[in-house]
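Novice: Please find one structure pasted underneath; my questions will follow.
The values are calculated or read from the model by the stated rules, or taken from the named source; none is laboratory data. For clarity, every value in this text was computed on a predicted model and none was experimentally measured. Glycine gets a Cβ as well: all are built from the backbone with ideal geometry, and neighbour counts include every protein chain shown.
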Amino acid sequence: MIAVASLTLALVCPVAASAATTSPSETATIPSTSGDPKHLTAHELAEQIARADKLRAQILSSGSAIAAALTDVDRAASKANAALEAYSLASAEGRDAREKAATQDEVVKALQKRLDKARQDLREWAVDAYTQGGPLAEEWSYLEALANEAADVSDPMSDLNHITEGRIRSVEDIREVAIAQKVAALAYDAELARAKAAEKRAAKAKDDARRLVKEQQAAVDDLRAAHQSQVAEAGPLAGLLLGSGESSAVAASERLTQALERSNVAITDLRLTPCTDKDGVFPNGQIPPSNLCPLVGSDDEFLVPDAAAAFNAMSRAYAKDSGRLLCVTDGYRSYAEQVAIKAIRGPWAATPGTSEHGFGRALDLCGGVNDYSNPAHLWLKQNSALYGWFHPSWAAQGGSLPEPWHWEFAG
């Protein structure tokens, strides 16, 4: 899991500008007035108002520079989303190939048992022929049968054909089983090779995603440091001016406060702690309840542990920026639920047994995320990759099956 800074809704729309920093010499010292800002002299108050306006300009400038940097962050987020999707698809292909390889391996083993049995039957027949007369004894019984009345015996030629065909079938069965076993073995090798290739692509895609998300963080780190130093000074200064009661100082305080609000950048501490350490691979839609974790803000939606922990961290980050948690309509779906939803939604739902919801790694969201132009959707597009979540290309606006509400976890 990739843990980095979360960007706020306030910076969805970037504005080009260059960063401004505050040097120690530019930092005004708030005069000591025994804790009462009303004791400031007119000259001191004028100096503080001037400093507040200058600091406001610097904050807005650095805030605009942060917003400009977010243009690059948006590009990196888009690339990270694509990289996570590639990782998810390659991982799924690898799992599918390994499952098919395991099936072919079982086929090879089953055919080997058939082959061993057929060879043993043929070997026993050969030993019997060698030690007990085999074919000669059979031919003598045919001659004896020919000497009897037809009504007392079966058709000797039919018996002969039956025994001969049985031996031929034994040999042919060995040949057919051996060919089938060879085909299954080749299929096993092919699926194993496909699995290894897919897993190699998945590893590269995940490394790419990790690199791109780190680029998102690097794009704002320096600006954030300058911004924080300005905010550290602006808070007490705004309070001092507001407490003076003088109208021009109060106005300067309000201007400074607005600048702080406009350029806010929130840094989220990601604590991704799953509710359980249970893991395992289960068939689609057949994950035991003990292997699922609840989602914050929801009473009845669950995901596998790592996906749930990542979503919960993302939802809390969204809440810090928007004041509310992400809205969830659907998480994990059992096979029975997939059947029921398919009956209701038709082509808008995956074939039962194939949905990512059945693996506990997909979500359907509401509360604005289900609208491509809503700030909630834009926030998620910009930040989801930071938590290992992505919006599949097929679900994107203009995709083959547009679903703004559907998001998947890559890990």
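Novice: Search segment 197-212 for residues that are part of a helix (DSSP H, G or I) and pair each with any residue that is at pLDDT 80 or above and acidic (D, E) when their beta-carbon atoms are under 9 Å apart and the residues are at least 6 apart or on different chains.
Specialist: Pairs that qualify, where the first residue is part of a helix (DSSP H, G or I) and the partner is at pLDDT 80 or above and acidic (D, E), are A197/E93; A198/E93; A198/D96; E199/E93; R201/E93; A202/E93; A205/E85.
Novice: Now a separate question. Among the candidates S334, S355, single out the residue that is touching a helix residue (DSSP H, G or I) at 6+ places or on another chain (Cβ under 8 Å) and more than 19 Å from A396 (Cβ to Cβ).
Specialist: Testing whether each residue is touching a helix residue (DSSP H, G or I) at 6+ places or on another chain (Cβ under 8 Å) and more than 19 Å from A396 (Cβ to Cβ) leaves just S334.
Novice: Filtering segment 283-295 down to residues that are surrounded by fewer than 14 Cβ atoms within 10 Å (Cβ to Cβ) and in contact with a helix residue (DSSP H, G or I) (Cβ under 9 Å, 6 or more places away or on another chain), which residue is modelled with the highest pLDDT?
Specialist: It comes out as Q286.
Novice: Regarding segment 334-349, can at least one residue be identified that is in a loop (DSSP other than H, G, I, E, B) and crowded, with 19+ Cβ neighbours inside 10 Å?
Specialist: Within segment 334-349, the first condition is being in a loop (DSSP other than H, G, I, E, B), and the residues that meet it are 334, 349.
With the extra rule that they be crowded, with 19+ Cβ neighbours inside 10 Å, the set shrinks to none.
Among the residues of segment 334-349, not one is in a loop (DSSP other than H, G, I, E, B) and crowded, with 19+ Cβ neighbours inside 10 Å, which makes the answer no.
Novice: Modelled with pLDDT of 85 or more and part of a loop (DSSP other than H, G, I, E, B): does that describe S298?
Specialist: On the way: modelled with pLDDT of 85 or more: yes; part of a loop (DSSP other than H, G, I, E, B): yes.
Against the criterion (modelled with pLDDT of 85 or more and part of a loop (DSSP other than H, G, I, E, B)), S298 qualifies.
Novice: If L303 passes every condition in (1) farther than 21 Å from L89 by Cβ; (2) modelled with pLDDT of 90 or more but one, which one does it miss?
Specialist: Here L303 clears every test but (1).
Novice: Take segment 350-364 and flag every residue that is farther than 14 Å from P402 by Cα, crowded, with 17+ Cβ neighbours inside 10 Å and of a type outside the set (D, E, K, R).
Specialist: If the condition is that a residue be farther than 14 Å from P402 by Cα, crowded, with 17+ Cβ neighbours inside 10 Å and of a type outside the set (D, E, K, R), then P352, S355, H357, G358, F359, G360, A362, L363 are the ones that fit.
Novice: Next question. Could you figure out which of (1) touching a helix residue (DSSP H, G or I) at 6+ places or on another chain (Cβ under 6 Å); (2) more than 20 Å from A410 (Cα to Cα) isn't true of C366?
Specialist: The failed condition is (1).
Conditions tested, residue by residue: (1) modelled with pLDDT of 80 or more; (2) under 22 Å from H377 (Cβ atoms); (3) outside the structural domain of A193 (by TED's automatic domain parsing).
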residue: Q48; (1), (2), (3): yes, no, no
residue: L60; (1), (2), (3): no, no, no
residue: I66; (1), (2), (3): no, yes, no
residue: A77; (1), (2), (3): no, yes, no
residue: A92; (1), (2), (3): yes, no, no
residue: R95; (1), (2), (3): yes, no, no
residue: A101; (1), (2), (3): yes, no, no
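Novice: Turning to a different aspect of this structure: From the list A362, A396, A385, A410, which residue is at pLDDT 95 or above, within 23 Å of A209 (Cβ to Cβ) and assigned by TED's automatic domain parsing to the domain that holds G280?
Specialist: The conditions single out A362.
Novice: Any residue in segment 370-385 that is buried (at least 18 other Cβ atoms within 10 Å of the Cβ), in a loop (DSSP other than H, G, I, E, B) and out of contact with any strand residue (DSSP E or B) (no Cβ under 6 Å at 6 or more places or on another chain)?
Specialist: Among the residues of segment 370-385, not one is buried (at least 18 other Cβ atoms within 10 Å of the Cβ), in a loop (DSSP other than H, G, I, E, B) and out of contact with any strand residue (DSSP E or B) (no Cβ under 6 Å at 6 or more places or on another chain), which makes the answer no.
Novice: Here is a further query. Check A350, A343, A410, A362 and return the single one that is farther than 23 Å from D96 by Cβ and out of contact with any Pro (no Cβ under 7 Å at 6 or more places or on another chain).
Specialist: Being farther than 23 Å from D96 by Cβ and out of contact with any Pro (no Cβ under 7 Å at 6 or more places or on another chain) holds for just one of A350, A343, A410, A362, which is A343.
Novice: Still on this structure: Can you run down the residue pairs with Cβ atoms below 9 Å, 6 or more apart or on separate chains, where the first is in segment 370-395 and under 14 Å from G411 (Cα atoms) and the partner is of a type in the set (K, R) and part of a helix (DSSP H, G or I)?
Specialist: Every condition considered, the pairs that remain are A385/K79; H391/K381.
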